[in-house]
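Worksheet for the structure shown next.
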Amino acid sequence: MTLLGESVGGGLPPQQVGAQGAQREVSAPGGLGRYAVRRILTGFGTLLFVIVFNFVLFRLLPGDPIGMMTRGKDVDQQQLAELRRQFNAPLPEQFWSYIRNPFSSNLVSLQSGESVWSVIGDSFWPTMLLLGVSTIASASIGIWLGIHSAWGRGGKFDQITTGSTLTLYSMPEFWLGMLLLIFMSTGVGPFPGFFPSGGISSPGDDLGMVAGWLDLAWHLFLPALTLTLVYLAEYSLVMRSSLIDEMEQDYLKTARAKGLRDKLVRRRHAVPNALLPTITLVFLNVGFVVSGAITVETVFSWPGLGYLTYTAIQGPDNQLLQALFLLFAFAVIVANVIADLIVATVDPRVRA
Amino acid sequence: MSADVEVPVEASRTPKQLARLRRRRSRARYWSEFRRHRSGIIGLLILGFFVAIALVAPLIYPENPADPSAIINAEGESMAPPTAGYPLGTTQTGQSVLTLLVWGARVSLFVGLLATIISMTLGSLIGIGSGHYGNWFGAALERLTDWFLVIPFLPLAIVLATVAREIDWLGDSLITIVVVIGITSWPGTARLVRAQTMSVKARPYLERARVLGGGNWHQMTRHILPNVAPLILANTTLTVAIAILSETTLSFLGLGPQNRVSWGSMLDDAFGTGAISLGAWWYLIPPGLCVVLVVLAFTLIGRALEGVLSPQMRER
């Protein structure tokens, strides 16, 4: 009886699946809540591990951090003594103060002399803008490509799409960025150089509202295009393979037997069920997206967190690097928890 | 099927010979299966080409282009487009891009393969260990895998490479980069191997081995490992692809091997010396294209292997 319910439920349009899920929750009260609490606690465990790891790793570094921090700055003896005390404290005490406040404002960027978190704050929004735009674009294009190549599996469209997405997937993203730059910004041979060579806005006077936004979009276009092209490969491949899985299910035969048109079978029955892995991929991919941002922002001198990471490596500015690593890891951990919670909400079977 | 027919011949052989014969046969079967995947064969051909180039590089161009003398004595013009003498143009130091490209194949392939060996060894050991031991030890290994799985790969590699460089941990920067990539890329393999180990562990012949008194070591090396090995093999080729991409990325960020030419360091130099604004496409395109071809070759081989080893995937 339950088995039958499962297989029929799989084929129902999403609203009805939702209704059925709600019914199940009534029979097992707090199932999702308990799962969520457990999942969030594991997330905290991972975060703790990252913090400990980060602490230990950067304690291995040699050198005179106080000398580097205070070089060329006006520091009085009292402050210096306080810093000395902090750095020469026994390891457990240092660890305790780090654990208590890993996002402490005491961490100072060596290059600018400001607190690392204020430096990071300045770079946060450009990165969010770039990653947001390219994630939305790549997920929607990738899903569209995946659906169409799965539905006509083995056909011309499928072959071309799979071939080119695999090629894009094999590309170092910064190389693609450099190619786009040299052909579309510098302009080589027949290609006219139209786009700017980098940065987030044109130097000079403050442009008007509309002109300012257009200028931003003009600068955003190439880096966003680079990331979109590189990321859409994975979305398209995952969407394709999960739709192919669904296509072998019996409920699609039922839908066809009812006499539904092919398009409707695809849109109403197959795609909603195949969408879940791809949607969660958006969150699971955050680590991958961050990695892409580091090199692509460098190529386009986009003033975001990735470019900041590059300057921290070149410095080297270890305090800044440490803070960035913590931030990236934190973002990925949160995204992973979100992905798991989405799956658990939509699909009660994983809550066990 | 064929084994039944040949029983009389095989009866006269020792168990070791029989095992060897069986292995040879299954290898032949796998190979004929693999040959049916056209893309896998294309991958093998591309890979073979690059391996050959990497091996004969010192014969074609005797001088290592990363040597200071090679850089000083370079005779070409700086950043000149392709000519008959320099089929792929020149670099900012007037060296031939083609020479650098050929030598770069050595470092890229070397780092990719060696890092993969480290990664696969770690991943297999930890994966089998965490799947086989049901006690705290297995659970601890599983936790460790989960933790490392979540930490974003490139930031972790950057941080490790920076620290390793500053404390001069392994001396040689080439080995450092190999180790950094190796110890950041194992968790995916470990999780895969763990899942397979769990499923093998539940099969009756392992229960038999346990009942007959087979120890942990015996079970893991004689029963689990042979069953997990095909999966590890298919995963290896995909890991090489990732390792080569990682080397390129880390080199581009200036964390790669020093005093050696790799495709990534070429891209770093090209970027750093303004090849983009000079429109020096001959300096930018070749190294990236080589990376794409090699990575694609490994990916195609890996997908073909998966198709051979897990038949339910074959129709994809």
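Okay, here's what the table says:
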{"read-out": "Any hit, the range B:200-215, residues being free of Cβ contacts under 8 Å to residues at least 60 places away in the same chain and within 14 Å of chain A (Cβ to nearest Cβ)", "value": "no"}
{"read-out": "Residue under evaluation A:Thr226, criteria (1) under 20 Å from A:Ala339 (Cα atoms); (2) more than 12 Å from every other protein chain (Cβ to nearest Cβ); (3) among the β-branched types (Val, Ile, Thr), criterion not met", "value": "(1)"}
{"read-out": "Matching residues in the range B:138-163 - criterion: being aliphatic (A, V, I, L, M) and more than 8 Å from every other protein chain (Cβ to nearest Cβ)", "value": "B:Ala139, B:Ala140, B:Leu141, B:Leu144, B:Leu149, B:Ala157, B:Ala161"}
{"read-out": "Conditions (1) crowded, with 16+ Cβ neighbours inside 10 Å; (2) within 23 Å of the chain's Cα centre (by Cα); number of the one not met by B:Ala195", "value": "(1)"}
{"read-out": "Filter result for B:Leu141 (surrounded by fewer than 23 Cβ atoms within 10 Å (Cβ to Cβ), more than 19 Å from the chain's Cα centre (by Cα) and aliphatic (A, V, I, L, M))", "value": "yes"}
{"read-out": "Any hit, the range B:233-250, residues being modelled with pLDDT under 85 and over 30 Å from B:Gly288 (Cα atoms)", "value": "no"}
{"read-out": "The range B:217-233, subset more than 11 Å from the chain's Cα centre (by Cα) and touching a residue at least 60 places away in the same chain (Cβ under 8 Å), residue nearest to the other protein chains (Cβ to nearest Cβ)", "value": "B:Leu231"}
{"read-out": "Pair list, Cβ < 7 Å and 6+ apart or interchain, from the range B:34-61 residues that are of a type in the set (Gly, Ala, Ser) to residues that are assigned to a loop (DSSP other than H, G, I, E, B)", "value": "none"}
{"read-out": "Test: residue in the range B:128-137 that is of a type in the set (Ser, Thr, Tyr), surrounded by fewer than 18 Cβ atoms within 10 Å (Cβ to Cβ), more than 27 Å from the chain's Cα centre (by Cα) and more than 9 Å from every other protein chain (Cβ to nearest Cβ)", "value": "yes"}
{"read-out": "Members of the range B:264-280 found to be surrounded by 22 or more Cβ atoms within 10 Å (Cβ to Cβ), in a helix (DSSP H, G or I) and at the interface with another protein chain (Cβ under 9 Å from one of its Cβ atoms), listed by number", "value": "B:Gly264, B:Leu267, B:Ala270, B:Ala275, B:Ile276"}
{"read-out": "Positions within the range B:154-211 being at pLDDT 85 or above and aromatic (Phe, Trp, Tyr), in sequence order", "value": "B:Trp186"}
{"read-out": "Unique match (being modelled with pLDDT under 85, of a type outside the set (Ser, Thr, Tyr) and more than 30 Å from A:His219 (Cβ to Cβ)) among A:Leu110, A:Leu83", "value": "A:Leu83"}
{"read-out": "The one condition in (1) within 14 Å of another protein chain (Cβ to nearest Cβ); (2) aliphatic (A, V, I, L, M); (3) surrounded by 21 or more Cβ atoms within 10 Å (Cβ to Cβ); (4) under 16 Å from the mean Cα position of the chain (by Cα) that B:Leu293 fails to fulfil", "value": "(3)"}
{"read-out": "The range A:151-179, residues that are of a type in the set (A, V, I, L, M, F, W, C) and at the interface with chain B (Cβ under 10 Å from one of its Cβ atoms)", "value": "A:Leu166, A:Leu168, A:Met171, A:Phe174, A:Trp175, A:Leu176, A:Met178, A:Leu179"}
{"read-out": "Of residues in the range B:164-199 being of a type in the set (D, E, K, R) and more than 12 Å from chain A (Cβ to nearest Cβ), the one nearest to A:Asn336 (Cα to Cα)", "value": "B:Arg191"}
{"read-out": "Residues located in the range A:135-150, provided they are within 14 Å of chain B (Cβ to nearest Cβ) and more than 24 Å from the chain's Cα centre (by Cα)", "value": "A:Ser149, A:Ala150"}
{"read-out": "Those residues of the range A:245-272 which are under 31 Å from the mean Cα position of the chain (by Cα) and either at pLDDT 85 or above or exposed (fewer than 14 other Cβ atoms within 10 Å of the Cβ) (or both), in sequence order", "value": "A:Arg267"}
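The values are calculated or read from the model by the stated rules, or taken from the named source; none is laboratory data. Predicted, not measured: the structure shown is a model, and the values here were computed from it. Reconstructed Cβ throughout: ideal geometry from the backbone, glycine too, with neighbour counts over all protein chains shown.
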